[in-house]
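Take a look at the structure below.
The values are calculated or read from the model by the stated rules, or taken from the named source; none is laboratory data. Note that the structure is a prediction, hence the values are computed from the model and not measured. As a convention, Cβ positions derive from the backbone with ideal geometry for all residues, glycine included, and neighbour counts pool all protein chains shown. Surface accessibility is based on the protein's heavy atoms, side chains included, excluding ligands, DNA and RNA. Shrake-Rupley method; radii C 1.70, N 1.55, O 1.52, S 1.80 Å.
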Amino acid sequence: MSTTVAQAGPASAGSADPLKERRPLGDRVFQILALASGLLVLVILVWIAVSTSQQASSWFSTEGWKIFTNNWNPAANDFGALAFIYGTAVTAVIAIIMAVPVSVGIALLLTEVVPYRWSRPIVYVIDLLAVVPSVVWGLWGILVFAPWLNHIYAHIGSAVQGLWILGPLFGPPTSGASFFTAGVILAFMITPIVTSLSREVIATVPTIDKEGAYALGATRWEMIMGAVWPHSQGGVVGAVLLGLGRAMGETIAAALVIGSSAVITSHLFAPGYNMPAVIANQFGEASGTFRAALMGIGVLLFVITIIVNLIARGIVERSARRKRGA
């Protein structure tokens, strides 16, 4: 009897090992599909980068480092894109400065302050605002918002004229279609996106962490800073960077309200230009090197977006390491 048991034991154990190592067919199929989907995304990105770079090669080879000069004159075959890079950076920074505090504040309000029965309708409205087409924002901006802002800009310009710092930034002459107007419209557009993503991240904070902070005598603000923010700051940074990418790449709305003037100026109430807007406005009439220059501006925007995402990823990983170390 004992011999039989001793022989059965190793046999049963040996027969169980292959069953543990064998994976169900569904899991293997899912793994293959997930891997193929990830590789497909990389292939598409590489394809976009290579194809656009090939079409812009004549601009890069002809202009060289002159592409980073402020000299855009298609009639004279001068295609310096520095003014458009500057306009993209200025409008995106304005949008982020205005949108991020409001978005994070609304997300905290909806998750930590407002009761659930009141927050749900607000969430629905924010989600609806996130899907408003950009052309609607642009038309409203140029037909309604910009003329209204022009009067405000005029009063601000006359008030700060001659002041040391504010004068060059906001002094006269002013225009309703300007860097600042484009930044405000972009802030309107990215606020619902950043708010929705931040709210979803903040909602994942464990309730026990927040209750523990309250049990230790923390106020609501101390609880948010000590329990909510450390847990959700990486996701909030990702949401902000997603909004930054939207602000940098937005085309129609910015093209309608920025003013279409290829200049580099510190005056935020002056007309300007950015990279998506010049591509949208001038691509239809472009050919030869002119067309290649517009394609090259698209390549530069693609590269800038990748660099911003890499920086954001580094910030998130550094925050995660610091959290683990703490």
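If you take the residues in region 48-64 that are of a type outside the set (A, V, I, L, M, F, W, C) and loosely packed, with under 14 Cβ neighbours inside 10 Å, which one is farthest from the chain's Cα centre (by Cα)? It would help to see each step written out before you state the result.
At the first step, the residues of region 48-64 found to be of a type outside the set (A, V, I, L, M, F, W, C) are 51-55, 57-58, 61-64.
Still in the running and loosely packed, with under 14 Cβ neighbours inside 10 Å: 51, 54, 61, 64.
On the way: 51: 24, 54: 27, 61: 31, 64: 29 Å.
Step by step, filter region 48-64, then rank; the result is 61.
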Any idea which of 171, 162 is touching a residue at least 60 places away in the same chain (Cβ under 8 Å), more than 30 Å from residue 316 (Cβ to Cβ) and more than 18 Å from the chain's Cα centre (by Cα)?
171
Mind checking which pairs have a first residue in region 308-320 that is over 14 Å from residue 236 (Cα atoms) and a second that is exposed (fewer than 15 other Cβ atoms within 10 Å of the Cβ) and aromatic (Phe, Trp, Tyr), Cβ under 8 Å, 6 or more apart or different chains?
none
For residues in region 267-289 being of a type in the set (S, T, N, Q) and more than 24 Å from the chain's Cα centre (by Cα), which is farthest from residue 69 (Cα to Cα)?
287
Tally the residues that are open to solvent by 20 Å² or more (accessible area, probe 1.4 Å) and among the hydrophobic types (A, V, I, L, M, F, W, C), restricting the search to region 269-298.
5
Of all residues making up region 125-152, the number that are without any contact (Cβ under 8 Å) to a residue 12 or more places away in the chain and under 14 Å from residue 182 (Cβ atoms)
1
Count of region 116-136 residues which are open to solvent by 40 Å² or more (accessible area, probe 1.4 Å) and part of a helix (DSSP H, G or I):
13
Top-ranked residue in region 273-326 [being of a type outside the set (Gly, Ala, Ser) and in a loop (DSSP other than H, G, I, E, B); ranked as farthest from residue 230 (Cα to Cα)]:
273
For region 130-162, the count of residues that are within 23 Å of residue 260 (Cβ to Cβ) and in contact with a Gly (Cβ under 6 Å, 6 or more places away or on another chain) equals 5
If I go through region 30-47 residue by residue, how many of them are among the hydrophobic types (A, V, I, L, M, F, W, C) and open to solvent by less than 70 Å² (accessible area, probe 1.4 Å)?
2
Where residues in region 74-110 are in a helix (DSSP H, G or I) and modelled with pLDDT under 90, which of them is most open to solvent (accessible area, probe 1.4 Å)?
75
Take the conditions in contact (Cβ under 8 Å) with a residue 24 or more places away in the chain and either in contact with a strand residue (DSSP E or B) (Cβ under 7 Å, 6 or more places away or on another chain) or over 30 Å from residue 164 (Cα atoms) (or both) and apply them to residue 254. Does it pass?
no
Counting only residues in region 137-151 that are among the aliphatic types (A, V, I, L, M) and open to solvent by less than 60 Å² (accessible area, probe 1.4 Å), the one farthest from residue 250 (Cα to Cα) is identified as 149
Being among the charged types (D, E, K, R), open to solvent by less than 60 Å² (accessible area, probe 1.4 Å) and either modelled with pLDDT under 90 or in a loop (DSSP other than H, G, I, E, B) (or both), is that true of even one residue in region 65-73?
no
Checklist (1) closer than 22 Å to residue 181 by Cβ; (2) assigned to a helix (DSSP H, G or I) applied to residue 265, failing item
(2)
